[in-house]
Every structure is written in structure tokens, then in C-alpha cells.
Amino acid sequence: MRFHKYHALGNDYIVMDPADFPGWSAPTTEQTRVICHRNFGAGSDGILWGPLPTQRAQFGLRIFNPDGSEAEKSGNGLRIFSRYLYDQKKVTTAPFTVDTPGGVVNVVIAPGGQLLTIDMGHVSFDSAKIPVVGAPREVLQEKIQILDREFIFTAATIGNPHCVIPLPTVSPELAHRYGPHLETHANFPRKTNVQFLQVLDRANIRIEIWERGAGYTLASGSSSSASAAVAHKLGLVDRKVTVHMPGGQIGIEIGDNFSIRMTGPVTRVAEGTLHPELFTTKV
Ligand SMILES: N[C@H](CCC[C@H](N)C(=O)O)C(=O)O
């Protein structure tokens, strides 16, 4: 049961190749929770289960959050999975495609594998696609009351749901205090990722992130994509945006119809073996 650990700006993932896990169809919720646990397990912001067979692309991928929930898409996860394929010599620097539950993406790896560019698909603000409860609409600058504060949010999807809250200044404390309540708010039938957004100038934004099923993370590719798209939709930034996060920066280019091109690094951390004894602990 070999695993491969990487991080993308401190948003770390464990790659588990089905070929190394005979008899497994996918990690169960219990297995995922203990593998990802920072004390009782190997520790990770999620599991990347692939490559899987698919008719829609060259490689299939499933993404699991540390709470065991499955995500439709992960930007950092896609860069890490693509780097794994490169390290295993399953791909070269020629473009290739990866199929996720949230859609097919196109990947280009720079020589050496440390920098990757991914066409993430199109951002939508459509309530039915995100989803957000209420009348069909674009969810732009709506009010929401959380604890002692009323926030103005814009919602978006790039395969997975996002709730973006522009503020004059943002902080990790904001994400920790209000993120969990926004993540699980009844507005969002499939829960949501949360970003507190500070616009630095027309080419730079800062976000603090509370991820669905993962909590506070140091970086997020889909959050970067959604936040930059929201800032552009609101007229606050141009089409090329650097997203600044505690773990580092991701480059976002916004094309026609809010198509998103994401460029960012991946760092190789370790390879190892999961021991069966790991699964005797319940977390
Ligand atoms: N927690 C997210 C998936 C991981 C997103 C993030 N790590 C990224 O890089 O996009 C969700 O449930 O939609």
C-alpha cells in the first residue's frame, strides 16, 4: 500500500494509486479520515485516488477531503496528481487531460515538474449549478447573517462550490471564526468552500480560505480560481490575477465566459507504505 505525498503551497495531498491497493474500489470514509489525520495517520488535506480508467480523458481522478467527503474538483490536487503522473513517467511535458467529477481539465507540465498550468474549466455564478437555494439567479452580492455579523457574498462554482466574501482586510481569524458556519449554512445544499477576499490592486488579491470538508488550508487552487473570477465579475480586477495566500501565490488568467487558466507549483515530499495497523484506529 504505497503512497506518495506532495504539497502545493502547503495544501498537501496523499496520492494513492489503485494499482498499489489491490481489492480497494476507493478509500472508505473511515479509511480516508484516519489516513489524513495529522496525529493518528499520515496527515494530509486530502487523498487523490488515481489514475482511474475513463472514457472522457486520458486519466481519471477522484478527490477525497479529510472528513471523507468527495470533492468534484481540486486545483492543487490536480497539479499534484499531474506531477505524480510525470514522476511515474506516465506523462511528459506534452499536454494531457484529466477527468474529475467536476469536469475534464487540460494539463501542461513545465520541464522538471515543479510548475504546472491547468485549464480548470469555466466559473459559473448560476445558483442552480453551484448550488445555492432560492430562485434561479446569478448569486451576486447577497446578504448572509453569520453569528454577530452580516456579510455580503458572491457564490460561484468551478465544479465545486464557493462562497466569496470581499472585505477591506482579511485574516486567518475571520476564516476560523466564520468559515465553519458558512461551510455548512443551509443556503448551500452541498455545503461550500469559503474565501474571504481582499483586493490589493487590479492584478493582485489576497484570500483566506476555509475549505469544505478540510477546514483552514494554506492554499487552494479552486478557491483561487473562484475568488479571482468573482473579483473580475464585480469589476475589481483585470483578467490576469496573482492570488496571494498564506502558503504562497497562484497565477490566474480569466478568459472568455470566465474560463480559468491556473498556474502554480508542486513540491514532492515523500513516498511511503501505509501499514494495516493504521486502520485499527477510528477517528
Ligand atoms: N475541499 C474542496 C476540494 C479541495 C479544494 C482545494 N484543495 C483546491 O486546491 O482546489 C471541496 O470540497 O470542494
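The values are calculated or read from the model by the stated rules, or taken from the named source; none is laboratory data. Model, not experiment: these values are computed from the prediction. Positions of Cβ are generated from backbone atoms using ideal geometry, with glycine treated the same way; all protein chains shown enter the neighbour counts. Surface accessibility is based on the protein's heavy atoms, side chains included, excluding ligands, DNA and RNA. Shrake-Rupley method; radii C 1.70, N 1.55, O 1.52, S 1.80 Å.
Secondary-structure-derived ellipticity at 222 nm for the chain, considering helices only, amounts to -5000 deg cm²/dmol, per-run term -39500 (n - 2.57) for DSSP H runs with n ≥ 4.
Give me the tail of P(r) for the chain as a percent: Cα-Cα pairs with distance above 36 Å.
11
Simple point charges give the picture: +1 on the Cβ of Lys and Arg, -1 on the Cβ of Asp and Glu, and for segment 1-72 a dipole about the Cα centre of about 120 debye. If R0 equals 45 Å, the separation of the Cβ atoms of residue 135 and residue 110 corresponds to a calculated FRET efficiency of about 0.50.
Using a probe of 1.4 angstrom, how much of the accessible area of the chain is carbon and sulfur, in percent?
Looking at the chain in its full context, I get 51 percent from C and S.
At an R0 of 22 angstrom, the distance between the Cβ atoms of residue 278 and residue 26 translates into a FRET efficiency of 0.85.
Rounded to the nearest 10 degrees, the angle from helix 221-233 to the longest Cα principal axis of the chain is 20 degrees.
The base-10 log of I(q)/I(0) for segment 76-196, evaluated at q = 0.10, 0.15, 0.17 Å⁻¹, reads -0.42, -0.77, -0.88 [Debye formula, identical scatterers on Cα atoms, solvent excluded]. Within the chain, DSSP assigns beta bridges of which about 85% are antiparallel (rounded to the nearest 5). DSSP assigns beta bridges within segment 131-243; of those with both partners inside it, close to 75 percent run antiparallel. Radius of gyration over Kirkwood radius for segment 172-227, both on Cα atoms: the Rg/Rh ratio is 0.98. Using the Cβ of residue 126 as centre and a radius below 11 Å, the other residues enclosed give a net charge of +1, where K and R count +1 and D and E count -1.
Separation of segment 24-82 and segment 170-213, taken as the distance between their Cα centroids, equals 22 angstrom.
Among 188, 110, 204, which residue has its Cα positioned farthest towards the positive end of the charge dipole of segment 98-206, with +1 placed on the Cβ of Lys and Arg, -1 on the Cβ of Asp and Glu, and the dipole taken about the Cα centre? With unit charges placed on the Cβ atoms, the residue in question is 188. Using C-alpha pairs under 8 Å with a sequence gap of at least 6, the mean separation divided by the residue count of the chain gives a relative contact order of 20 percent. Relative to the Cα centre, the charge distribution of the chain, modelled as +1 at Lys and Arg Cβ and -1 at Asp and Glu Cβ, gives a dipole magnitude of about 240 debye. Just so you know, the Rg over Rh for segment 142-262 is 0.93, from Cα atoms, with Rh as the Kirkwood radius. For segment 1-144, DSSP calls about 80 percent of its internal beta bridges antiparallel.
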